[in-house]
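I have placed the structure first, in the form of structure tokens, so that the comments after it can refer back to it.
The values are calculated or read from the model by the stated rules, or taken from the named source; none is laboratory data. Note that this is a predicted model, so its numbers are computed, not measured. When we count neighbours, we look across all protein chains shown, and the Cβ atoms used for this are built from the backbone with ideal geometry, even at glycine. Accessible surface is based on the protein model in full, side chains and every heavy atom, while ligands, DNA and RNA are left aside. Shrake-Rupley method; radii C 1.70, N 1.55, O 1.52, S 1.80 Å.
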Amino acid sequence: RAMERVYTLLEKVIDSDTTVLLSGETGTGKEVLAKTIHAESPRSDKPFVAVNCGAMAEQLLESELFGHKKGSFTGASSDRAGLFETANGGVVLLDEIGETSAGLQVRLLRVLQEGEIRRVGEDTDRNVDVRVIAASHRDLQQRVSEGEFREDLYYRLAVFPIELPPLRDRREDIPDLCLHFLSQKRTKEG
């Protein structure tokens with residue numbers, strides 16, 4: 001039943017360009033769900049790009065998302081498009097969005113509000129057309145109340161929130177999951 005609620009929500013949002021916020025504990029399948037949204041959406045023929053916002057230093061993440069201009073920092077030996085440009089027309093998954101700094105949150109807000117990015121070291125904006133799906137294992141509303149996450153960004157991300165339940169709340173799925181993994185193992189072993 002817990003997953004049936006998730007599937008019902010998916011049916012409502014898949015065909016739109018609405019920003020989706022996936023929340024749930026680590027291992028609940030947030031990235032799998034994001035890939036499903038992309039695969040079933042009108043953007044399925046365009047790129048799906050995922051980035052773990054908690055796995056990189058702020059400056060590296062900024063360059064990864066927005067790109068950079070040659071010479072804008074040590075090691076920037078050529079112009080480079082960021083993931084938002086790479087995914088143009090498709091979907092960007094911002095995994096662990098709750099780990100981003102205040103400065104990066106401002107830049108992400110601009111993408112959501114205006115559909116514009118600016119490469120590091122440039123002074124002109126570039127238009128991008130991406131659907132944003134954000135994911136977090138943290139309670140972002142709580143982080144907003146603690147002053148750790150921008151309220152305006154939260155509301156831009158949480159246009160369509162989906163909470164993924166942990167497996168302990170959907171034990172009836174365990175037999176189906178076991179059969180699925182056994183089938184995969186048999187296929188690999190030939």
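Assorted remarks:
- According to the Cα-based calculation, Rg over Rh for region 15-77 is 1.07, with Rh computed by the Kirkwood formula.
- Within region 109-190: Cβ-based charge dipole about Cα centre, in debye rounded to nearest 20 (Lys, Arg +1; Asp, Glu -1): 440 debye
- Region 3-133 - percent of accessible surface contributed by carbon and sulfur, probe 1.4 Å: 45 percent
- Highest average first, the peptides 148-158, 38-48, 73-83 ordered by how many other beta carbon atoms sit within 10 Å of their residues are 148-158, 38-48, 73-83.
- Of K46/K70; K12/K46; K12/K188, those spanning more than 30 Å from alpha-carbon to alpha-carbon: K12/K188
- Pair-distance distribution of region 70-136: all C-alpha pairs, bin width 5 Å, starting at 0; shares per bin in whole percent are 4, 16, 24, 26, 19, 11, 2.
- Heavy-atom surface of the chain, accessible at 1.4 Å and reported per residue (Å²): 56 Å²
- Look at the alpha carbon pairs under 8 Å that are at least 6 residues apart: their mean separation over the length of the chain gives a relative contact order of 31 percent.
- For region 78-190, average projected area of the Cα convex hull in nm²: 11.2 nm²
- For region 135-190, Kirkwood radius (reciprocal of mean inverse C-alpha pair distance, Å): 14.5 Å
- Cα gyration tensor category, rounded, prolate or oblate, for region 104-158 with a/c compared to 1.5: prolate
- Rounded to the nearest 5, the antiparallel percentage of DSSP beta bridges internal to the chain is 15%.
- Helices in the chain, meaning DSSP H runs of at least 4 residues, each add -39500 (n - 2.57). Divided by all residues, the mean residue ellipticity at 222 nm is -12000 deg cm²/dmol.
- Angle between the chain longest axis and helix 2-13 axis [Cα atoms, degrees, rounded to 10]: 50 degrees
- Cα shape, the chain, gyration tensor, a/c 1.5 rule: prolate
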